[in-house]
1. Of the heavy-atom accessible surface of segment 91-134 (probe 1.4 angstrom), what whole percent is carbon and sulfur?
2. How high is the relative contact order of segment 10-443, in percent, with contacts defined as C-alpha pairs under 8 Å that are six or more residues apart?
3. Past 28 Å, Cα to Cα: identify those pairs from Lys242/Lys340; Lys242/Lys339; Lys125/Lys172; Lys86/Lys404; Lys78/Lys413, in the order given.
4. Rounding to the nearest 20 debye, state how big the charge dipole of segment 10-443 is about its Cα centre with +1 on each Lys and Arg Cβ and -1 on each Asp and Glu Cβ.
5. For segment 10-443, state what percent of all Cα-Cα pairs lands in each successive 20 Å bin, counting from 0 Å until the bin that includes the largest distance.
6. Can you give the accessible area per residue of the chain, in Å², using a 1.4 Å probe?
7. Going through the DSSP H helices of the chain, which span 24 Å or more along their own axis at the Cα atoms while scoring at least 1.6 as a mean Kyte-Doolittle hydropathy?
8. Could you report the accessible area of Tyr103 in Å², rounded to 10, computed with a 1.4 Å probe on the protein chains as they sit in the structure?
Amino acid sequence: MEKRDGFASKFGVIAAAAGSAIGLGNIWRFPYVAGENGGAAFILVYLFFVVVIGVPVMLSEFTIGRRAQRNPIGAFDKLRPGSQWKWVGVMGVVVAFMILAFYSTVAGWTLQYVYLSLANAFAGKDSAALNDMFVSFQTSSFLPVFWQVVFMLLTAWIVLAGIEKGIEKYTKILMPLLFVIIIILDIRAVTLSGAGEGLAFLFNPDFSKITSSTILEALGQAFFSLSIGMGVLITYGSYMPKNNNLSNVAFEVSFFDTLIAILAGVAIFPAVFAFHIQPSAGPGLVFLTLPSIFQSMLGGYFFAVLFFLLLLVAALTSSISVLEVVVAYFVEEKNMSRKKATAIATASITILGVFATLSFGPLADFKILSKTVFDLLDFTSANIMLPLGGFFIVIFLGWVLSKKDVIDEISNKGQLKIKLFVIFYFIIRYIAPVAIGLIFLNGLGVFNL
Ligand code: TRP
């Protein structure tokens, strides 16, 4: 068997998986989706799904990857040669394509905000003026596309140069720093006058707001934020040393990912209410609220620059994990060189991405199934394709692989204690597939619970 690269330290494993998980999903998507779905009740459903479905699916991906020692497509084919299971891997490639197309739109907005904060462009503007500034940027044709292309080139460059390992070294410092900045923002946010309303929105659930679409959105957000359902973490699992306790890694990564999302919410919602912004303002929410906070705090210029730069880094450590899936597929299944694979993947994703970006401006009226290109990519990938991928992943682990193989892999042939295995196995065999299936059919309106 060929010798694969591996992660050197236990912390390296967690840092890399957390790097993929923590990104725009926590700081941009979580608040905007929570805001559109009424806040606290949505968040409770979300937390429930992270624990009951997210962690088990994440552990399943790690297990499949480490067992097979392959990328997602190769992994299914190796464990069940010649079967149809490889299509789960192929689906992952398609979703990777879709996710990166709209992810790069938002990452492009982040780049613009790095630029604006460096240029001190928020200074002296009230929230109405900050709103105008964001909207006129977002709806224009050139600049958002320009930044999107820059972001895709950055992602491609990292993937091509193969310096993800080098990046790991920096993210070990930068992600904890992002964490600290968010805490500082939180402190400022909760001391704004009117903060109480925002905190109530976040933590005081109104269960009458829960509908079947809320539940589907919460499930989709859990999958998106944890980077599961697409095979990214199968690849990461394949790099993990055998003596690494996969279940601990799954718990730790999910814990930090969720913590960051909640802390981002604590920074944003008090500001939403203090500055009279609509919680349901949609994908622009973070960009509308945070500049107002920076404006109202000591050292705001400095914190704004640092925050948007770190958000960019967080977005990059996620986007490389997504692009890598597409590149690995082209290299390993289509026999392309790495260079050619990266070029083709980047170019085609960017082309699709431009449509997503322009759907806030010139293409705002171009709708498919009454959704703009951006909304369609966002909704379909997170709420439909990822849970569907997760469904097949848990079925594969629970019903296709033998129980003995699963135990062997997770416990490293009995050397590691695995807590809660009985619960995990019960979840992946029964609870997760049934829950995902029901939420799905219900959310899509096939029937009503
Ligand atoms: N989880 C990342 C974020 O929160 C996005 C991401 C990276 C992702 N890899 C993924 C989402 C794989 C789904 C599947 O920003």
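The values are calculated or read from the model by the stated rules, or taken from the named source; none is laboratory data. Values in this document were obtained by computation on a predicted structure and should not be read as measured data. Cβ coordinates were reconstructed from backbone atoms using ideal geometry, including for glycine residues, and neighbour counts include every protein chain displayed. Calculation scope for accessible area: heavy atoms of the full protein, side chains included, ligands and nucleic acids excluded. Shrake-Rupley method; radii C 1.70, N 1.55, O 1.52, S 1.80 Å.
1. So the carbon and sulfur contribution to the accessible surface is 62 percent.
2. Here the relative contact order equals 35 percent.
3. Lys242/Lys340; Lys242/Lys339; Lys125/Lys172
4. Dipole size: approximately 1400 debye.
5. 27, 59, 13, 0
6. Roughly 39 Å² per residue, with all protein chains present.
7. The answer, listed by residue number, is 142-161, 246-274, 300-333.
8. Roughly 10 Å² of Tyr103 is accessible to a 1.4 Å probe.
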